[in-house]
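Enquirer: Once you've had a glance at the structure underneath, I'll fire off some questions.
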Amino acid sequence: QTEFVESGGGLVQPGGSLRLSCTASSFALNIYTIGWFRRAPGKEPEGVSCISSSDGTTYYTDPVKGRFTISGDNAKNTVYLQMDSLKPEDTAVYYCHTNGPREYWGQGTQVTVSS
């Protein structure tokens, strides 16, 4: 229930930055692939980014390439999504996900980009 939680959403102006965090309390994130997804108003859910469990390779979908960065901190058992140069179209509920020891979804955190 609280084994896989995310935080860091909020309201920012266009061009601003925000960092989302995803933390697991009962298993190690670094042995699983972790992904970030989002659901924007009026749109279907879409993948945003993921970090590979095998070699740490990171992947980004085209809308966020060059602006978002996914990273992990093993000591904190946390995966981050650093979001820079935010645009209004980035407004969405963001979710972290792993197939882990079972499938986990974060509870979702709202990111709103508006002036």
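Enquirer: Counting Lys and Arg as +1 and Asp and Glu as -1, what is the net charge of the other residues whose Cβ lies under 11 Å from the Cβ of Pro45?
Expert: Overall, the nearby charge balance is +1.
Enquirer: May I ask you to list the lysines whose Cα is less than 25 Å away from that of Lys87, ignoring any residue fewer than eight positions away on the same chain?
Expert: Cα-Cα hits under 25 Å: Lys43, Lys65.
Enquirer: Could you sort 39-52, 90-103 so that the peptide with the highest average Cβ count within 10 Å comes first and the rest follow in order?
Expert: Highest mean packing first, the order is 90-103, 39-52.
Enquirer: Could you pull out every residue, at least 5 positions away or on a different chain, whose amide H is within less than 5 Å of the one on Lys87? Hs are placed 1.01 Å off N in the peptide plane, and Pro or chain starts have none.
Expert: Gly15
Enquirer: Once label points are set 7 Å from the Cα along Cα→Cβ at both Ser17 and Gln82, what is their separation, rounded to one decimal in nm?
Expert: Between Ser17 and Gln82, the simple spin-label model gives 0.6 nm.
Enquirer: Now, a different point. Along segment 17-23, what does the Karplus equation 6.51 cos²θ - 1.76 cosθ + 1.60 (θ = phi - 60°) give for ³J(HN,Hα), rounded to whole Hz, x for Gly and Pro?
Expert: 10, 8, 10, 8, 10, 10, 10
Enquirer: Another one. Cα-Cα pairs above 17 Å in segment 65-115: how many percent?
Expert: The proportion of pairs with Cα distances above 17 Å equals 48 percent.
Enquirer: Taking 37 °C and 0.692 mPa s as the conditions, I'd like the Stokes-Einstein D for segment 49-93 in µm²/s, using the Kirkwood hydrodynamic radius from alpha carbon pairs.
Expert: 284
Enquirer: Per 5 Å bin, what is the whole-percent P(r) computed from every C-alpha pair distance within the chain?
Expert: In whole percents, the pair-distance histogram is 2, 13, 25, 26, 19, 10, 5, 1, 0.
Enquirer: Grab the beta carbon distance between Arg39 and Asn74, set R0 = 25 Å, and tell me the FRET efficiency rounded to 0.05.
Expert: 0.30
Enquirer: Using the beta-carbon distance between Ser26 and Ser52 and R0 = 22 Å, what value does 1/(1 + (r/R0)^6) give for FRET efficiency, to the nearest 0.05?
Expert: For R0 = 22 Å, the calculated efficiency reads 0.50.
Enquirer: Here is a further query. Would you mind telling me which residue in Thr61, Thr33, Thr78 has the biggest mean-square fluctuation in a Gaussian network model of the chain, where springs connect alpha carbons within a distance under 10 angstrom?
Expert: Taking springs between Cα atoms under 10 Å, the residue moving most is Thr61.
Taken together, the values in this text are just the output of simple stated rules run on the coordinates, not laboratory data. Just so it is clear, the structure is predicted and the values come from calculations on it, not from any experiment. Because the Cβ atoms are built from the backbone with ideal geometry, glycine has one as well, and the counts that use them run over all protein chains shown.
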